[in-house]
Structures are given as C-alpha cells and as structure tokens.
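Below is one structure, written out as structure tokens; comments come after it.
Nothing in this text is a laboratory measurement; each read-out follows from the coordinates by a stated rule. Owing to the predicted nature of the structure, the values given are computational and were not obtained by experimental measurement. Cβ placement follows ideal geometry from the backbone for every residue including glycine, while neighbour counts extend to all protein chains displayed.
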Amino acid sequence: MSAPGAAAAIRFDRIDKRYGGIYALRRVSLEIAKGECVVLCGRNGSGKTTLLRIAAGLVRSSAGTVTRDGERFAPVGFVGHATMVYDELTAEENLLLFGRLLGVPEVAARVNGLLEETGLYERRASLLRTFSRGMRQRVAVARALLHRPSLLLLDEPATGLDSLSVSWLARTLQQLRDSGCTILLSLHGESEISALATRAVRLEAGAVEADSTSGADLKTMLTFSAAK
Amino acid sequence: MSVLSNAAVLLGKELRTEFRSRELLTTTIVFVVMVIILFSFTFNSFSEDSRRFAPGLLWLSFLFAASLMLQPCFLREQSNDTLSALRLSVSDAFAIFLAKLAANTLFLLITEILLLPIFAALYNVQVVPVLHWLLLVFVLGSLGVSLAGTALSAISAQARMRELLLPLLLLPLLTPVLVASAEVTVGLLDRNPYMQWKGVGFLALFDVVFLTALWLFGEYLLEE
C-alpha cells in the first residue's frame, strides 16, 4: 500500500508463522515505504507482536521472506512488551552498554543527550530496579533510539506510561517521523501517538484484514481494536 | 564492532552485575565448601583412601558448583527479555556466548581456587608442589564445563521445566570431562606426582570441539 515508486523500508512477503499447528500469522504481505508511520491494530492474539518480532529478526518466520531497506538485516530500533533493559544496572550503565554494543560514536554524549530528553538525567546513577514502570519504559525507548535507527518497531510502547510520558513519546516519534525514520508500531485505542500514523493495518487471526491511509479508517480501526 | 570487542563489553556487564550483587559466587562457594566438608567426614583423611577418592569428590563438587552457576546464566536474561536486546545489538550472537563463557569460567575458577586450600587441609593432600599443573587442569576442565553448560543453559532457558532440564542434560554430557579431569588430578595428588598428558589432551580437544560447535551453531540456540 506504499506510494508507488517509493522505496520500501520493510517488505513482508507471504509471511506465515506457525506454533505447532496454530497459525500466528497467515500469508501476511505488507510493504512499508520509507518515512511511513504505520499503526498495527487488532485484538489480543491477532499476531501484532509476532509480526513486529519477525520484522526485528528476533523470530524466524515459518514461510515467506522479510526484506529490510533492500537488505535482509539492516539495524532496527525495537521496543517490546518487556523493557529489555537490566534492572541491576543504572539507567546510564544500561544505555552505555547497548550504545557500545551498537558501536554508537561518542556514546557518552549520546547517552547524556537521551537521558536529558527522557527527563531521567537526574536519576542516571540509580539502579533501574528503583524506577517506576513508566521510567523504565522511557529507558527502553531511549535504548531503541541510541543508534538513530532508520526503522523503529514499537510494540504497545505506551504501556505503563503516564499522560506526560505519552506526550513525550508522541513528540519524540513525531520528530523521528519528520526526520524520515520509518515507524511500525502496535497500539490499542486512540492516543496522541496514534495521531501520528500515516497508515493503519488491522490484523485479524494472523491475517491482514484492513489496510488504509485514511484518517477516518484509522480512527474506526483503533476504536474497533480497543472495543474488542 | 567486532565479536571480541562486543564480548569484552558484555563480559564487563556480567562481572559488574555479579560483583555488585555477589549472589551467585557467595551462594556457590558456601554450598561447595559445605559439600567438601561433608565428604571429608566419610573417610579418614590420613588414609590412602583420601588420595584415591579426593580428586573425584573435588570434581563432583565443581560439578555441583557449575550446576548452580550455569542455571541463571541465560535465565536471568529472560525476565526483562534482555536477550532480545542483546541479539539486536551485537554484530554476531557468538559474542553473547563468548562473554557468558568467559564469565562462567572465571566464576568457576574463583570458586575452585578458594576451595583448594580447604580441600588440601581437609583431605591431607599436597597441592603446592603441583599447583601450576593443577591450575592447568582447573582451567581446561572449567572451560569444558562452562562450554557445555553455557550452551545447555541457552537451550534450557527457553524450555519448559527449565530448572530440571539443565542438570539432566549437563551430567551425561560432562561425564567425559569429569572423568578426564579427575584422572589427571589423581596423578597430580599421588605420593609421586605425575602428569597424565593423555587426559590433558582430551580436555583440550573437548574444549576446542565445543568452542567450534558453539561458534558455528550458537545463533540457532538463541532463536525463539
């Protein structure tokens, strides 16, 4: 459904994912153009998380191929259900660890910048286990943004965030979208974050049921998803 | 980032978290000292039995230590799904294994070195004259135990009944390492110490084979 001629940031081609005899995804084909902000919606168990994890390269599909930015495995930013950071390390140590693994240049400055942006600079030396769920989620988002990924995958990123933090996340995502970053995220219900979407895809029982770029459709899909 | 530099960064994290909490080392050392003390009551330490049985008991204690240490190795990466974050961040999944392997071997060696004087005193064996050879066996044996254990820890962490699975798989797989390590240690603790190079060669070969297997197939062990 991406604009004709636009380069695809990620392409799913007839993706199947089976767990035993149960299909989590069935013949999913999607093409997401660079710079798009796509919201995945659908009821629990519709396959949103599986699709995002396949997109990140964390889960292997049973059939079909995923191509990212022309190559199979370009670096992505990923925010999952879990925080994906260490409770036994401080916020700063966590970000420095992943920054160094990712080979981020001038990592200390980048980490300090992200800690400032997330409003956690004052608590940078505190262990994450002393943080609230919302604060940990902000560290999780900061971790995903460390290497300035061109493709950002977020699985219900507003989980545990208060309204101020949701606004912060929406602003951050808007800046990323405006700078050309491709965003694929799953959401339940309408929020400041869903307002950023340029396209919505609804999954039902592992298959794409609707795919639209219309704002009205997006609203209907999210309302439908939240009601379910 | 190369595999080695990724592994070095991750090893730093492993050491930092362990030395900050000291959960694993303290528990294991206390447990293994208790085992060694209990075994020492079963025979007269001044008898010839002590020399014959002590090396086997020593390596059995190390096996218990390894079972305790290796279980949380990948399990603790599950709670916050940090393993996924690591897989997305490293250039090669082998770096994760290298770091875990280095940390496990180091923790096991620390336990063994701390245990050695207690073992020597309780079992009335001379370790000082053959200390350098004992250390060689400890390094090769511990590396073998850690190699198999780290791989199995990655497999069992994603399985059901994970707490039972690791010891169940670890014991049969490590039997050759334990036999070779115990045999070499028997020679070293003899009244006239001698080195069983065949045993040392076997340990080195086991380490090389498992390290190569981990390098080739490690990535598949981490897949969901």
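Average 1/r across all pairs of distinct alpha carbons in region B:3-222, invert it, and you get the Kirkwood radius: 18.0 Å.
Using C-alpha pairs below 8 Å separated by at least 6 residues, the relative contact order for region A:85-148 is 50 percent. Neighbour counting of Cβ atoms within 10 Å sorts the residues A:T182, A:T172, fewest neighbours leading, into A:T172, A:T182.
Farthest towards the positive end of the charge dipole of the protein assembly as shown, among the residues B:W133, A:Q174, B:P193, is the Cα of A:Q174, using unit charges on the Cβ of Lys, Arg, Asp and Glu. Exposed loop positions in chain B were taken to be trypsin sites (Lys or Arg not before Pro) whose DSSP state is not H, G, I, E or B and which have at most 15 other beta-carbon atoms within 10 angstrom. Between these positions, the longest stretch is B:23-159. Here r is the Cβ-Cβ distance between A:E209 and B:A213 and R0 is 56 Å; the resulting FRET efficiency, rounded to 0.05, is 0.80.
Return the equivalent ellipsoid semi-axes of the protein assembly as shown as a descending list in whole Å, where each equals the square root of 5 times an eigenvalue of the C-alpha gyration tensor. Spell out each step's value before the answer.
Values: eigenvalues 522, 98, 65 Å².
Whole-Å semi-axes of the equivalent ellipsoid: 51, 22, 18.
Neighbouring Cβ atoms from other chains, within 10 Å of the Cβ of residues in A:85-97, number 4 on average.
As a proxy for reagent exposure, ranking B:W197, A:W168, B:W215 by other Cβ atoms within 10 Å from fewest up yields B:W197, B:W215, A:W168. For B:L164 and A:R171, a Förster radius of 51 Å and the Cβ-Cβ distance give a FRET efficiency of 0.55, rounded to the nearest 0.05. Using a Gaussian network model of chain B in which every pair of alpha carbons under 10 angstrom is joined by a spring, one finds that among B:L68, B:L38, B:L205 the greatest mean-square fluctuation is at B:L38. Per-residue ellipticity at 222 nm, computed for chain A from helices alone with -39500 (n - 2.57) per DSSP H run of at least four residues, works out to -10000 deg cm²/dmol. Listed by chain and number, the aspartates and glutamates placed with their C-alpha closer than 15 angstrom to that of B:K198 are B:E183, B:D207; residues fewer than eight positions away on the same chain are left out. Of all the options A:L164, A:L146, A:L196, the one that moves most in a Gaussian network model of chain A with Cα springs shorter than 10 angstrom is A:L164. May I ask you to list the trypsin sites (Lys or Arg not before Pro) in region A:16-102 that are in a DSSP loop and have at most 11 other Cβ atoms within 10 Å of their Cβ? For trypsin sites (Lys or Arg not before Pro) across region A:16-102 that sit outside H, G, I, E and B with at most 11 neighbouring Cβ atoms in 10 Å, the list reads A:R72. Using a Gaussian network model of chain A whose springs link C-alpha atoms within less than 10 Å, name the residue from A:L58, A:L152, A:L25 with the highest mean-square fluctuation. In the Gaussian network model the winner is A:L58.
For A:S150, enumerate residues with amide H under 5 Å from its amide H, sequence gap 5+ or separate chain, H modeled in the peptide plane. Hits under the 5 Å cutoff: none.
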